[in-house]
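Participant: Sharing a structure here in structure tokens format.
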Amino acid sequence: MATDTAKVTIAICMSTLHRAAGLEATLQSVALQRQSLPSRFTVIAVVVNNDPNDAAPAQVVERVKSETGLHIEYAKEAQRGVAPPRNCALRIAQKSVGINGLIAFIDDDEIADKAWLAELLSVKHMYGVAIVTGPVVSQFDHSPPAWIIEGGFFSQTVLATGTPRRWAFTNNILFDASLLSGMDRWFDPHYLRNGEDRHFFQRLVANGARIVWAADARVTEIITSSRACAPWLIRRQRSVGRCVAPIERELYGATYARVNCTFRGATWIALGSIMTLAGCMSTRRRVRGNMWSAWGIGLIEGAWRPKVSGTPVQSTD
């Protein structure tokens, strides 16, 4: 880890696809991070556009650079998916920050609190860990159905600062750039739209890295109406379930993954069916039950159907 006086560069990475307005808001919030950091830290942003034919992200980058003075590295990645643009961002970040630098990720539909990065750094230093993650607070761009709010379907994870984590995601994360050099691969393209970030960080933990929670390092995620609905929530759970089995297969072996995911999957299907029947008059409970069952189905599919393992239920999810 770097000394308290060494100069450190932090690259904040994000991939983007057809979210120009969201990207601009994200970059503006990233630019503000410099105000709460000690002078020895230099912040740069890395933006990778996953549609080379879309000129809007480049225009956003130039506008934010002009308005804020934020240093932004911009690149295009033609191969669609989640892993390819994130791997592109990592290559740029690794070169930009060096072996003693730091890398963060945030999504292009999120806005970071003003002290987000400073809080991640503080917790990282306090606990002496290689990886720090924090909560994502949901904010709706519309008035969602009452059952969405009552059921807490988009509620943030609530944990005490310093709580160990077995995995993390790229929606709010900071880690040592030196971790990259010890990996045989970074984000795995096999996970087409879900799970590649969990897979990435879970492998790091398996190799000895530690992740802790920073409760006050918040980012806000904008939830659209296309996601605040029962079909998306149910499909999402099934898709995530499909991604757990290949991760467990790689880390713990095929036999363990099949037995464990099959047993857990059957249990969740049973619990989900009971919840759905018991709460048939309540949209909130009915959706929750369907989500549990979908999660169980996804676990079993991931364990026994290689063709769908690591893939979303629908390509648009």
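Participant: Within segment 287-317, restricting attention to residues that are in contact (Cβ under 8 Å) with a residue 24 or more places away in the chain and of a type in the set (D, E, K, R), which residue is farthest from P246 (Cα to Cα)?
Facilitator: Within segment 287-317, the first condition is being in contact (Cβ under 8 Å) with a residue 24 or more places away in the chain, and the residues that meet it are 287-288, 290-304, 308-315, 317.
If we keep only those that are of a type in the set (D, E, K, R) too, we end up with 288, 301, 317.
Details: R288: 25, E301: 10, D317: 19 Å.
Only one residue fits best here, namely R288.
Participant: Follow-up. How do the pairs read when you match residues in segment 57-84 that are hydrophobic (A, V, I, L, M, F, W, C) with residues anywhere that are in a loop (DSSP other than H, G, I, E, B), using Cβ under 7 Å and keeping only pairs 6 or more apart or on different chains?
Facilitator: Going by the 7 Å Cβ cut-off, the qualifying pairs are V64/L70; A78/P52; V82/R193; A83/F187; A83/D188; A83/P189; A83/Y191.
Participant: If you don't mind, another one. Filtering segment 1-22 down to residues that are part of a strand (DSSP E or B) and not aliphatic (A, V, I, L, M), which residue is farthest from the chain's Cα centre (by Cα)?
Facilitator: So the first thing to find is which residues in segment 1-22 are part of a strand (DSSP E or B), and the list is 8-16.
Those still in the list that are not aliphatic (A, V, I, L, M) too: 9, 13, 15-16.
On the way: T9: 22, C13: 12, S15: 11, T16: 13 Å.
Ranking the candidates gives T9 first.
Participant: Can you tell me which of D197, D188, D184 is surrounded by 15 or more Cβ atoms within 10 Å (Cβ to Cβ) and assigned to a loop (DSSP other than H, G, I, E, B)?
Facilitator: On the way: D197 fails: assigned to a loop (DSSP other than H, G, I, E, B); D184 fails: surrounded by 15 or more Cβ atoms within 10 Å (Cβ to Cβ).
The conditions single out D188.
Participant: Scan segment 123-155 residue by residue and report those that are in contact (Cβ under 8 Å) with a residue 24 or more places away in the chain, surrounded by 15 or more Cβ atoms within 10 Å (Cβ to Cβ) and out of contact with any helix residue (DSSP H, G or I) (no Cβ under 9 Å at 6 or more places or on another chain).
Facilitator: Within segment 123-155, V123, K124, Y127, P135, V136, V137, S138, P144 meet the criteria.
Participant: Taking V64 as the residue in question, decide whether it is at pLDDT 95 or above, over 21 Å from L174 (Cα atoms) and open to solvent by less than 40 Å² (accessible area, probe 1.4 Å). Show your work before the answer.
Facilitator: On the way: at pLDDT 95 or above: yes; over 21 Å from L174 (Cα atoms): yes; open to solvent by less than 40 Å² (accessible area, probe 1.4 Å): yes.
Taking the combined requirement at face value, the residue satisfies it.
Yes or no, residue by residue, for (1) open to solvent by 30 Å² or more (accessible area, probe 1.4 Å); (2) touching a Lys or Arg at 6+ places or on another chain (Cβ under 9 Å); (3) closer than 21 Å to W167 by Cβ:
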| site | (1), (2), (3) |
| --- | --- |
| R236 | yes, yes, yes |
| M275 | yes, yes, no |
| R285 | yes, no, no |
| G289 | no, no, no |
| E301 | no, yes, yes |
| G310 | no, yes, yes |
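The values are calculated or read from the model by the stated rules, or taken from the named source; none is laboratory data. On a predicted model such as this, the values are computed, not experimentally measured, just so you know. Quick reminder, even Gly has a Cβ in these numbers, built from the backbone with ideal geometry, and neighbours come from all protein chains shown. When the accessible area is computed, the model is the full protein with side chains, heavy atoms only, and any ligands, DNA or RNA have been set aside. Shrake-Rupley method; radii C 1.70, N 1.55, O 1.52, S 1.80 Å.
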